[in-house]
Amino acid sequence: MALIVVLAVLVTSSPTRADHAPAGHHPVDHAPADALPRAPEQVLVRWTEPLDVLERAAVLARLPSGDTPWPWPAGTAPDRVAITARVDALPLPGVGAGELARLARALTLDPFVEFAEVDRLIELGAPPSTRSYLAPLPDDPLFGLQWGLRNTGQRYESATSTVVGEPGVDVRALEAWSVSRGDPRVRVGVIDTAIDVGHPDLGDAVVEQRSTLDDRDAATKPGVHGTAVAGVIAARGRDGFGMTGLAPEVSIVSVVAFEELAARASTTTLGTILAAFEMAGTLDVDVINASWVTSDPSPLLLAAVADAGVPVVAASGNEGAVLTADTGRFPAGFTLPNLVSVTAIDPRGQVPAFANVGAEVIDVGAPGAFIATPGLGVGHVWAEGTSFAAPFVTAALALAVEVAPYATVEDMVDAVSWTSRPLPSLQRTTRSGGLLDAAALVRGVQRPVCRPDRLPAPAFVDVDDGGVHRDGIACVATTGVALGREDDTFAPDEWVTRAQLATFLARLLVLAGVDPDDPVLPVVPVDPEAPESPATVTIPSAVSDLSGRGGFVDVPPDSVHAPSIALLARLEIVVGDEDGLFHPDLAVNRGQMASVLVRTHLALTGLEQEPSRRWFVDTTLNVHADAADLARDLGIVRGVTRSEYRPGAPTLRGQMASFLARAMDALAREGVILG
């Protein structure tokens, strides 16, 4: 039976001095052995679509009995308990594990059942029975010890080692706070133990605390794990007490799914976790923190995370293992567009021995050792584990939600990776190779030019309003960079040719203030598919010499794209092949697209850069490898998967629109284009 294991180890040593617990503080009581929970004897069923009570009962009643001794009479249905809107539990007390598994397999054969699996225990590890408290001093006295927010080379001592931090290895909190400290309207869901809402550092941070546990006492009894996680996210700063969270002005919504026990690991059920995700949705949270893992890739858990509709941040686990797609810890090991998986680093920028890593499945690193955070009562604890790395990312995403509420979930999650700072210890241990950079994230997630909430819907009959490239197409059309065709279509699924791309890029250059400085060149090059567009001007019908068509003999003199090709050739944004040919009618592949976009950025900004890291596994031998990596550094391109770019694949016009839109936003962030 798979268990979800605690990620946190609360260290009992202090880097300076350990004070005694404040008077009146009572540690979590040890639970008697006979009070520990047993594995739930029930099967969980997720329906393919919402069914009413009678429809669900009918599915269960028609299960074939055959030679399998079902625990209820043929033609009848067992009692059920609604877990979420689409998941039911079938309680079967006294039924053995083997028969429960057979029932789950039989249920999956029904066309109305998406998944069925046996419920299981999920375990949150026990905090130690003794804890160290840091003395409260005026003016957030512990901020100087919070290396994760600002690493100045602080010295930390434990019972077994001394660690001296590497200055600058932090999440750049001060720089992020110059943009945002969060907003109470941003709601962060924490699925964990109950939070000590009376802790002075949490103040009014916890605005709601709800539970999916059956035991009322367990649901309200504060746990040090949930309290510590909440503190990393949103401990109130600038109050003369304790420490500060990375997002000190956001709101915490506590969804209690674990009871914390001092004697041993605390447990909950998969069903309780599924209910917690649904409850978080009903409480209108903007991001969810999941500082726990299971070794079982439950399809029900996968569906719950995918259905959350907001970024979900998951810790990688604390077994010191190298994880793969086949040997992961979940939910961190899932690959979903709304999921960020996080491992830990220590103050030196090294991955601690306890932290699970994996270049296939773990996205980024964040501080996860020697973390000062609230404990129970009025004190603070030293926390260690990937449990406390995850909430750094959660808090950074909460800041991103505040500055860019229009950003899509996929954009925010993607930005965590491409804005991360490369760190040697993370290069071969995570997908991004980087450390969370909160300052770069809150800057990079903004869309100065292509804000989707300020763009009209694209007026093209062949662009789906819910399509992945809808916003990019709307932006390039609104700015006049790509105008579509005369028949009110954009043809998002057709290849973009080299000549067409030259025209689109020339328009972008003019938008950025480039003066072609040649009377032959138009102020705004013409799109052949939209000659009557008000964004076009009259240009000569023919170009008499090679200089007017970029020096390429295969660009027809009367081509409407010739002046644009000439402009880009003059700026060395486009080049021909070894024979001096441009091949205007060939499709632009994704590698070539990256190269011309990076050259455009260089031409307009004058900023020459080297790639920060190798982002893609399939570009190593490609001539456009550096360009693809640089374009990723700038936030212009994404991979087809998180690790593959496919540089030789043709670029579709919809993809091209998204690339150009992100390129314009990147230029706006450099002040080249006014947002």
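Just so you know, all these numbers are worked out from the coordinates, no wet-lab data involved. What you see is a predicted model; the values in this text were computed from it and never measured. Glycine gets a Cβ as well: all are built from the backbone with ideal geometry, and neighbour counts include every protein chain shown.
Annotations for the structure displayed:
- If you wrap the range 438-488 in the convex hull of its Cα atoms and look at it from every side, the mean projected area works out to 4.1 nm².
- Peptides 571-581, 474-484, 152-162, 240-250 ordered by average Cβ neighbours within 10 Å, highest first: 240-250, 474-484, 571-581, 152-162
- Peptide ranges 168-178, 371-381 listed from the most packed, as the mean C-beta count within 10 angstrom indicates: 371-381, 168-178
- Calculated FRET efficiency for the pair T220/A649, C-beta based, R₀ 56 Å, to 0.05: 0.55
- The residues M412, M593, when put in order of fewest to most other Cβ atoms within 10 Å, stand as M412, M593.
- Peptides 224-232, 460-468 ranked from most to least packed, by the mean per-residue count of other Cβ atoms within 10 Å: 224-232, 460-468.
- A simple rule links phi to the HN-Hα coupling: the Karplus curve 6.51 cos²θ - 1.76 cosθ + 1.60 with θ = phi - 60°, which for the range 496-511 gives 9, 8, 5, 5, 4, 4, 4, 5, 5, 5, 4, 5, 4, 4, 5, 4 Hz, with x for Gly and Pro.
- Rounded to whole Hz, the Karplus (6.51, -1.76, 1.60) HN-Hα couplings of the range 359-364, x for glycine and proline: 5, 8, 10, 9, 7, 9
- Between D286 and R187, V188, G189, the built amide H atoms are under 5 Å apart, and every one of these is 5 or more places off in sequence or on another chain.
- For R662, R451, the sequence from fewest to most other C-beta atoms within 10 Å is R451, R662.
- A dipole drawn for the range 411-525 from +1 and -1 charges on Cβ atoms has a positive end, and of V468, V510, Q446 the residue lying farthest that way is Q446.
- Whether the range 135-268 is rounded, prolate or oblate, judged on the alpha carbon gyration tensor where a/c under 1.5 counts as rounded: oblate
- Residues whose amide H lies under 5 Å from that of E114, counting only those 5 or more places away or on a different chain, are R46, W47, T48; hydrogens are built 1.01 Å from N in the peptide plane.
- Modelled label reach - T152, point 7 Å along Cα→Cβ, the range 346-370 residues with backbone N closer than 18 Å: 347-348
- Simple spin-label estimate for L174 and D52 gives 6.4 nm between the two label positions (7 Å along the Cα-to-Cβ direction from each Cα).
- Coupling constants for the range 275-289 follow from the phi torsions by the Karplus curve (6.51 cos²θ - 1.76 cosθ + 1.60, θ = phi - 60°), and in residue order they are 5, 5, 5, 5, 4, 4, x, 5, 8, 6, 7, 9, 7, 10, 9 Hz; glycine and proline get x.
- Spin-label pair R485/E670, simplified geometry with 7 Å Cα→Cβ offset, distance in nm: 3.4 nm
- Spin-label model, D453/L283: points 7 Å from Cα along the beta carbon direction are separated by 2.4 nm.
- Nonlocal amide H pairs with V293, under 5 Å, H built at 1.01 Å: V5
- Annotation for the range 419-467: trypsin sites (Lys or Arg not before Pro) lying in DSSP loop with at most 13 further Cβ atoms inside 10 Å of their Cβ are R428.
- For the range 585-675, GluC sites (Glu not before Pro) are listed when DSSP marks them as loop and at most 10 other Cβ atoms sit within 10 Å of their Cβ; the list is E608.
- Distance between the C-alpha centres of the range 607-675 and the range 569-586: 20 Å, rounded to the whole angstrom.
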